[in-house]
Structure formats: C-alpha cells, structure tokens
Amino acid sequence: MSALLEAASLSKTFFSEHNALPAVCNVGFSVAPGECLGLAGASGCGKSTLARLLMGLTPADSGTVSFNGQPLDFADAALRKNYYSQVQLVFQNAAAAFHPRKSIGSSIMLPMLNYGCTKAAAQERSIALLLAAGLTPQHAEKFPHQLSGGECQRAAIARAISIKPRLLICDEITS
C-alpha cells in the first residue's frame, strides 16, 4: 500500500541570540490510508514542531513532505489549498486556534464555506458536528473564551472533520 503522507529527512532548528535549538532532526515516516501513527516523547522534544512542519505552518530547514506520492511545495497556493482540503490539524491549544471574535459555529463553518459548501448546509452540518462532539447547538453562538478547555477541544475536532479530510494530524489531542 502506498503512503498517504510521507516525511523524509525533516529537520528544523530554531535560533536565539546565543543558541541553536534543534527541534526536529532528520525525521522520516510514512502513513498509509487507514493507518494510525502515534508519536510519543517528552515535552519539548519536537512533536508540535513536526506537526507544524507537516502542515507547512513552519518551514523545514531540510527534508520533504509528500502527500499521495507528490512532494509538497507549501509556497504553491493551489497545491496548499488542495492539501488542506484533505489534511487537517487539531492544535494542542484549541482555544488559541479559534479566532477570539468569531463564534464557535462560524469557525466550524469556515472550512466548509472555503471548500464550496453553501451557508445553509454549513450551518446544518456545524450543528450536527457539535452534537456528535457532545456539545449543544447553543455552543455555536459562544466564543472560544466562553468554553471550557474540553469543550473547546471538541469544537476544534468538529471543525477539523467538517470537510471530511482523509487525514487528521492531532497535536496532543487529549490534552
């Protein structure tokens, strides 16, 4: 079975005034369709940085990320949009991943609207996703600061699965 997502020789070093901090060093792996991969490690070992590299949110110093056998160039907007339609990230800090001035419902709807869903269909699906996540339709009207950490995490998962991606990247999903 061919790889859905593949990382090859990914590396990232961060620099401060006095130090170089290697965060990800020559990491490689592949994930096939239907496969689940978990990474475990101590706090600060580079798991979140790796997730950001896989999504193109942090540029790699070296290495490649491929999806469906095609190397990704995150500078290519069309390629990036297609990738994001198939791969979604659930951030470690769900509250910070939501826009503070937008309701949870509008934040869940946004990916659907960006990928061609009508507003009415996006509203209906966002309520169904909130219910599936153990939340209520009233949560759609709330803002991130009005939700508990667990509620915010469930809303973030609802947003990530709203466009039915082929792959979820979850950064400390149970935190």
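The values are calculated or read from the model by the stated rules, or taken from the named source; none is laboratory data. Not measured: the values here are computed from a predicted model. With ideal geometry, Cβ positions are generated from the backbone for all residues, glycine too; neighbour counts draw on all protein chains shown.
So the check is Cβ under 7 Å with 6+ separation or different chains; which pairs have a first residue in the stretch 108-122 that's touching a residue at least 12 places away in the same chain (Cβ under 8 Å) and a second one that's of a type in the set (S, T, N, Q)? Pairs that qualify, where the first residue is touching a residue at least 12 places away in the same chain (Cβ under 8 Å) and the partner is of a type in the set (S, T, N, Q), are I108/S126; I108/S162; M109/Q123; M109/S126; P111/S162; M112/S162; Y115/S85. If the condition is being part of a strand (DSSP E or B) and either under 24 Å from G69 (Cα atoms) or among the polar types (S, T, N, Q) (or both), then the stretch 15-52 contributes V24, C25, N26, V27, G28, F29, S30, V31.
Scanning the stretch 68-105 for residues that are among the hydroxyl-bearing types (S, T, Y) and more than 30 Å from S43 (Cα to Cα) gives a single hit, S103. Residues that are among the aromatic types (F, W, Y) and in contact with a Gly (Cβ under 9 Å, 6 or more places away or on another chain) do not occur anywhere in the stretch 18-36. Taken over the stretch 149-175, residues that are at pLDDT 95 or above, not in a helix (DSSP H, G or I) and not hydrophobic (A, V, I, L, M, F, W, C) amount to 4. Of the numbered criteria (1) over 20 Å from K81 (Cβ atoms); (2) surrounded by 19 or more Cβ atoms within 10 Å (Cβ to Cβ); (3) in contact with a helix residue (DSSP H, G or I) (Cβ under 6 Å, 6 or more places away or on another chain); (4) not basic (K, R), the one E151 fails is (3).
Give the residues of the stretch 83-94 that are surrounded by fewer than 16 Cβ atoms within 10 Å (Cβ to Cβ) and either among the charged types (D, E, K, R) or more than 13 Å from I169 (Cα to Cα) (or both), sorted by residue number. Working first, answer last.
Start the filter on the stretch 83-94 by keeping residues that are surrounded by fewer than 16 Cβ atoms within 10 Å (Cβ to Cβ), which leaves 86, 93.
Listed by number, the list holds a single entry, N93.
Evaluate the following for G134: is it out of contact with any Phe, Trp or Tyr (no Cβ under 9 Å at 6 or more places or on another chain), within 29 Å of V31 (Cβ to Cβ) and at pLDDT below 95? Here the answer is no, as G134 does not meet what is asked.
All conditions in (1) assigned to a loop (DSSP other than H, G, I, E, B); (2) within 25 Å of A20 (Cβ to Cβ) hold for G116, with the sole exception of (2).
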